[in-house]
1. Does the range 287-299 hold any residues that are surrounded by 12 or more Cβ atoms within 10 Å (Cβ to Cβ), part of a helix (DSSP H, G or I) and free of Cβ contacts under 8 Å to residues at least 60 places away in the same chain, and which are they?
2. Looking at the range 176-221, which of its residues are farther than 30 Å from residue 109 by Cβ and either modelled with pLDDT of 95 or more or outside the structural domain of residue 259 (by TED's automatic domain parsing) (or both)?
3. Could you name every one of the strands (runs of 3 or more DSSP E) located completely within the range 128-242 that has at least 2 residues being without any contact (Cβ under 8 Å) to a residue 24 or more places away in the chain?
4. Against the definition (surrounded by fewer than 19 Cβ atoms within 10 Å (Cβ to Cβ), closer than 30 Å to residue 244 by Cα, touching a helix residue (DSSP H, G or I) at 6+ places or on another chain (Cβ under 8 Å) and modelled with pLDDT of 75 or more), how does residue 330 come out, yes or no?
5. So, in the range 249-286, how many residues would count as being over 18 Å from residue 165 (Cβ atoms), touching a residue at least 12 places away in the same chain (Cβ under 8 Å) and not in a helix (DSSP H, G or I)?
6. All but one of (1) at pLDDT below 85; (2) not in a loop (DSSP other than H, G, I, E, B) hold for residue 71, so report the exception by its number.
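The values are calculated or read from the model by the stated rules, or taken from the named source; none is laboratory data. Small disclaimer: the values here were computed from a predicted structure and weren't measured. Cβ atoms come from the backbone with ideal geometry, glycine included; neighbour counts cover every protein chain shown.
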């Protein structure tokens, strides 16, 4: 198998020479502990010439190409690119997730990668979890070589089938909850259960469904609580927004997935991310709209018990698996739930695909030079050169840079990211504030993303441009997907997407976790939610 794309390891090695002339060594272990707060210091200091993520012995660093032949790109996330690869010795086809070290800008990022590897090694082998073959590290990247899943995402499979039934939903839900049960039994909270994180092993009708991403998972002990806000907003439990949660959040997320599988839309939906959070906290579940009148009472009962607002009253994974609806899965109605479900599932999965692509463009542009600007701003604000920015320095600095925030807003920003209550911000915390302020202040990043799709620069995304952008991601149904997206986004029905329509789409039910995880791995989200708390939300 010849490489049809340039080796990510080779690219990453060049990146590391450019961006990590001196990389900070951080050998901290997996994060756990009550309300665990980590110091987000930059890893680009001058303490070492090589950033070491997994290997304490630098002699054990191995070039990925020595053992595996890397081929085409399969997918792209916030930190890593997944490639099809082949074991040179056995010729077995596998997947390789390559995480470029240049994107690991803070010690938190490094720790998250270590923890992901540790957790995947810690969990026992299961047909419902993708297996990790090995983790390798070279100068430029960390490479996770895993079992290859060729059957596509959960939602794509549902849409391709053309119909959905309770019986099929029950089979899928059993697998998801078995993954949750296995994680909790072995002291792990997944923290990011969503349909995108489940792939089918192959294209066969009876293919196993597998959990594929443990990048936000964390170890826990009984009675331990956490406060870091992580996950995707549609699937986020209310106690996550309140910054005090445990393993029960995984059951909530699975309940949201079940609701979507049965009706095609999330149970908690709004025009803004603040609205999504408010809907989650309100907790009102709609069982009146189609097709719910045709769904069995047993299925609705299970959804309600999984989406119980009080964590201690929520069903455990064991109780979900013992619920009558799952126990009698083979007897569950096998009647298609109708075109309304099919159309909603299409809309939800394809709109996410378009947004993912747009967010990727934004993330790709918000790289070294922009972070360098923020570094420089940090140095200018840090007038006493002690490596931290005080409340007064932040207030003076923001005023100097033209951000007109009142005293209470500055205090709120510090409080939101100052998790240790020290009244100051280190560089990682400052980065979170800066990025959020940029996001509030202008639409520069959205403009960049829009320009990416608007190839001819005429101020509109034409159908052919949208089709080509989706096709670049390997979508076989890009024309149909483009038409569906146009139907939804083109509100003035002129057959194309204007910038205003694009912005409206990006800000409607936006999956802000996808954008923010690239930058600050959770702290950006805590900032967003704390801002909401002092505005339209009352989480206290």
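1. 292, 294, 298
2. Correct list: 177, 178.
3. Where strands (runs of 3 or more DSSP E) fall fully within the range 128-242 and carry at least 2 residues being without any contact (Cβ under 8 Å) to a residue 24 or more places away in the chain, they are 132-137.
4. No; evaluated as a whole, the condition is false for this residue.
5. Final tally of qualifying residues: 10.
6. Unmet for residue 71, out of (1) at pLDDT below 85; (2) not in a loop (DSSP other than H, G, I, E, B): (1).
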